[in-house]
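The next block holds one structure in the form of structure tokens; read it before the comments.
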Amino acid sequence: MRHGAGGRFWLWTLIGLAALPRLQGDEESGKGAARKPNLVIIVADDLGYADLGCQGGKEIPTPHIDSLARNGIRFTSGYVSCPVCSPTRAGLLTGRYQQRFGHEFNPGQAALAGVEFGLPLSEITLADRLKAAGYRTGMVGKWHLGMRPKFHPLKRGFEEYFGFLHGAHSYVDAKADPHNPIYRGTEPVDEKDYLTEAFTREATAFIERHRKEPFFLYLTYNAVHVPLHAAPRHLERFPSISDPKRRAYAAMLAALDDGVGAVLKKIRDLELEESTLIFFLSDNGGPTRANTSRNDPFSGYKAGTREGGIRVPFLAQWKGRLPAGKVYEQPVSSLDLFPTALAAAGAQPPSDRPIDGVNLLTYLTGEKSEPPHDLLFWRLGTHAAVRRGSWKLLREGSNPLQLFDLAADAGEQKNLIAEKPDLAEELKKAFERWSAQMAQPLWRPAGR
């Protein structure tokens, strides 16, 4: 495994920037220096792996999200660091396995979240580093990294914030949960628009305001997380879907796709496409029984460490810098967004702690052909996994360990542990060494 802390990471950053072709027409007058790229990370919530057109979905058109794959890179083995919401977000914003700092579980309901629930203040976020590097930093959407004032996005590197602080929200009633209001900055607001469209409105306004300076936008839709609230104008697009639950899900995904399209159009209209690196991913696999999401061809769902819980839609676009229409099959992680974004910005990561993510730029441009990661790990209480190459060792609660060859068995149906006991033991020991470096959970939801 590569932790990539300190000096070695900075060397990777310099190599990655040198490997990229120079942007045309973005030099600052009289300075001869290229503008720092804008950075946009769009996170969907509980989206199924197979629900996008570019992932093989046929039922719900998603042309705008699909355009990111057409004009950029689609990762077929794109993973998140946890099969539930909050820990994934903690890892994404720090580039570190969230278990290193005890952020292993979701906190439970908003009204019951402990006083100390939140991304530990010892952690340095991507927004912290980019703000220090001269970026305007804004967040729109679901935070889920702490509800107390000290954990607020405006205290974690973001200069602007619009959204809600906990894990879910009504799409049609801003005051539905008095413990979890919609905020502009730190002030509650009575938002009247359908929430997905309100987030799109705020995201495009942020881009417009900061079009002349480098910006980082962290846009975290709550779509397509329950509750399944669909606007009639979106439901009308799917008259042939008879299952009312699936029809509502389709309508919500259509609204999400419209939102991504509006963000992309704003970037395009402002002639910022070639100076903007965009990532799109889901925070975990789809919880099919809750929202009808589809994780084909994988087994498993949100909250478990089978592929259906941790392998997600994962796309990147940087026109003129990254290849268009490329399919990248090596395993990558949401942890990689932190070092990749910093590398693109020419900014340094913290040098006083392990960084588990990897700068992907030189891999995506083809300069490096080896896999970015030797090993990837997951741990959510008694659910755990480790992947090396195509091999994955899986632990599901108290059940016996299972070993799968994902290249031949993406659905994890044929347990090969009896045929490969030595390999299973090797992966088990690798997991145990990694797990021993991690902290104890700072909180546990009821029943975990």
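The values are calculated or read from the model by the stated rules, or taken from the named source; none is laboratory data. None of these values were measured; they are calculated from a predicted model. Note: ideal-geometry Cβ built from the backbone for every residue, glycine included; neighbour counts use all protein chains shown.
What to note about this one:
- Filter pass, A290 being touching a His at 6+ places or on another chain (Cβ under 8 Å), under 28 Å from A230 (Cβ atoms), at pLDDT 95 or above and in the same structural domain as K142 (by TED's automatic domain parsing): no
- Of the residues examined, D173 is not one that is in a loop (DSSP other than H, G, I, E, B), free of Cβ contacts under 8 Å to residues at least 12 places away in the same chain and farther than 27 Å from T288 by Cβ.
- Picking from residues in the range 221-237 that are over 18 Å from G285 (Cβ atoms) and assigned to a loop (DSSP other than H, G, I, E, B), the one that is nearest to the chain's Cα centre (by Cα) is P227.
- Residue match in the range 105-117 (condition: under 30 Å from S351 (Cβ atoms), crowded, with 20+ Cβ neighbours inside 10 Å and either in contact with a His (Cβ under 7 Å, 6 or more places away or on another chain) or modelled with pLDDT under 95 (or both)): yes
- Some residue of the range 316-323 being over 19 Å from N38 (Cβ atoms) and basic (K, R): no
- Residue check, V327 aliphatic (A, V, I, L, M) and buried (at least 20 other Cβ atoms within 10 Å of the Cβ): no
- Flag if L342 is farther than 19 Å from Q98 by Cβ and surrounded by 24 or more Cβ atoms within 10 Å (Cβ to Cβ): no
- Of all residues in the range 357-371, those that are in contact (Cβ under 8 Å) with a residue 60 or more places away in the chain and either surrounded by fewer than 18 Cβ atoms within 10 Å (Cβ to Cβ) or in a loop (DSSP other than H, G, I, E, B) (or both) total 5.
- Restricting the range 194-218 to residues that are among the small types (G, A, S) and surrounded by fewer than 22 Cβ atoms within 10 Å (Cβ to Cβ), the residue that is farthest from the chain's Cα centre (by Cα): A205
- Each residue in the range 238-249 was checked for being in a helix (DSSP H, G or I) and surrounded by fewer than 24 Cβ atoms within 10 Å (Cβ to Cβ), and 5 of them qualify.
- Selected residue (only one of R268, R306 is of a type in the set (D, E, K, R), surrounded by 23 or more Cβ atoms within 10 Å (Cβ to Cβ) and either more than 15 Å from C54 (Cβ to Cβ) or assigned by TED's automatic domain parsing to the domain that holds T204 (or both)): R306
- Helices (runs of 4 or more DSSP H) fully within the range 252-356 that include at least 3 residues being touching a Phe, Trp or Tyr at 6+ places or on another chain (Cβ under 6 Å) and in contact (Cβ under 8 Å) with a residue 60 or more places away in the chain: 307-310.
- Set A230, A223: member being buried (at least 24 other Cβ atoms within 10 Å of the Cβ), of a type in the set (A, V, I, L, M, F, W, C) and over 29 Å from F105 (Cβ atoms): A230
- R136 being surrounded by fewer than 22 Cβ atoms within 10 Å (Cβ to Cβ), of a type in the set (K, R) and under 24 Å from A203 (Cβ atoms): yes
- Of everything in the range 396-421 that is out of contact with any helix residue (DSSP H, G or I) (no Cβ under 8 Å at 6 or more places or on another chain) and not in a loop (DSSP other than H, G, I, E, B), the residue that is farthest from V80 (Cα to Cα) is P421.
- F158 being part of a strand (DSSP E or B) and in the same structural domain as L335 (by TED's automatic domain parsing): no
- Single condition T365 does not satisfy, out of (1) at pLDDT below 95; (2) under 22 Å from T88 (Cα atoms): (2)
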